[in-house]
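Below is one structure, written out as structure tokens; the observations come after it.
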Amino acid sequence: MTEQIKAFILRNHLKPGDPLPTESVLCESLGASRSSVREAIKTLSALDIVEVRHGHGMYVGRLSLVALVESLAFRVQLSSRDDFTVLGEVIGVRQLLEQGLAASLVAALEEPHFDALAALVSEMRELADKGETFVEQDRAFHLLLMEPLKIDLVQQLTGAFWDVHSMVAPLLAPSTADGRETADAHAEIVAAARRRDVAAFQAAIEAHYGPVRKQLATHLRDSGNAVDGRPGGR
């Protein structure tokens, strides 16, 4: 029944936010029982394909990556009991995405972006010097870095991977030195982008993941695994 409702949305060219028919109309249109339609709506709602607004009706959902974030986060939490393999894979995909888009990003970023990114780096450095984490600033940095591309899926993926990362980041217990190194690497990302230097930008992206790779290596050392967070690294 979930596939039938998705087909109904596609067949009627509905977009996110568009209203859906009532349960009774869907039952009649799809030739299904109310209970099967209701169960399908629950499933699609969990996937953010359908949004149920109590008292207002049903709508096509935002089609976000909420379900992906929850699934990945749970996988990472399960993995963390033994090793951090899944987190290493998430980091690898993040790096592949950012380095793969390097040329487009360096060309698209403009002075207002550089100023905003530099301001976030300053906040990171201040917090690092105090021995504090800067998860919010780091997430904002990477979302802002991707913003000029105006590709919604890229923004969603960046946010989704960061949400997963931030859920398990406390388990890695980064040191103050790691925090400073990470903040400095973010500064180099901005500097390379200002110079329109794609190769330096890609190198800075890789360096940016250095501290978290070291933290992963610490946790993985005793398990005998060799996941290092690099694309394809095992």
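Observations on the structure shown:
- With respect to being open to solvent by 80 Å² or more (accessible area, probe 1.4 Å), on the phi < 0 side of the Ramachandran plot and part of a helix (DSSP H, G or I), L10 fits the description.
- Scan of region 128-156 for residues that are of a type in the set (A, V, I, L, M), touching a helix residue (DSSP H, G or I) at 6+ places or on another chain (Cβ under 7 Å), more than 21 Å from R196 (Cα to Cα) and open to solvent by 20 Å² or more (accessible area, probe 1.4 Å), ordered by number: V135, A140
This table checks each residue for (1) at pLDDT 75 or above; (2) farther than 27 Å from L68 by Cβ; (3) out of contact with any helix residue (DSSP H, G or I) (no Cβ under 7 Å at 6 or more places or on another chain); (4) open to solvent by less than 20 Å² (accessible area, probe 1.4 Å).
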| position | (1), (2), (3), (4) |
| --- | --- |
| V168 | no, no, no, yes |
| E188 | yes, yes, no, no |
| R194 | yes, yes, no, no |
| A207 | yes, yes, no, no |
| P211 | yes, no, no, yes |
| V227 | no, no, no, yes |
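- Matching option when the condition is at pLDDT 85 or above, under 30 Å from D197 (Cβ atoms), open to solvent by 30 Å² or more (accessible area, probe 1.4 Å) and out of contact with any helix residue (DSSP H, G or I) (no Cβ under 8 Å at 6 or more places or on another chain), among G31, G92, G17, G100: G100
- Look at region 25-51: where a residue is more than 16 Å from L14 (Cβ to Cβ) and free of Cβ contacts under 8 Å to residues at least 12 places away in the same chain and a partner is open to solvent by 70 Å² or more (accessible area, probe 1.4 Å) and part of a helix (DSSP H, G or I), sitting 6+ places away or on another chain with Cβ atoms under 8 Å, you get C27/R34.
- Region 118-136 residues that are small (G, A, S), paired with ones that are open to solvent by less than 50 Å² (accessible area, probe 1.4 Å) (beta carbon under 7 Å, 6 or more apart): A118/V190; A128/F134; A128/G179; A128/A183
The values are calculated or read from the model by the stated rules, or taken from the named source; none is laboratory data. Given the structure is predicted, the values throughout are model-derived calculations rather than measurements. Counting neighbours? That spans all protein chains shown, and the Cβs are built from the backbone with ideal geometry, glycine included. Note: areas computed on protein heavy atoms with side chains; ligands, DNA, RNA excluded. Shrake-Rupley method; radii C 1.70, N 1.55, O 1.52, S 1.80 Å.
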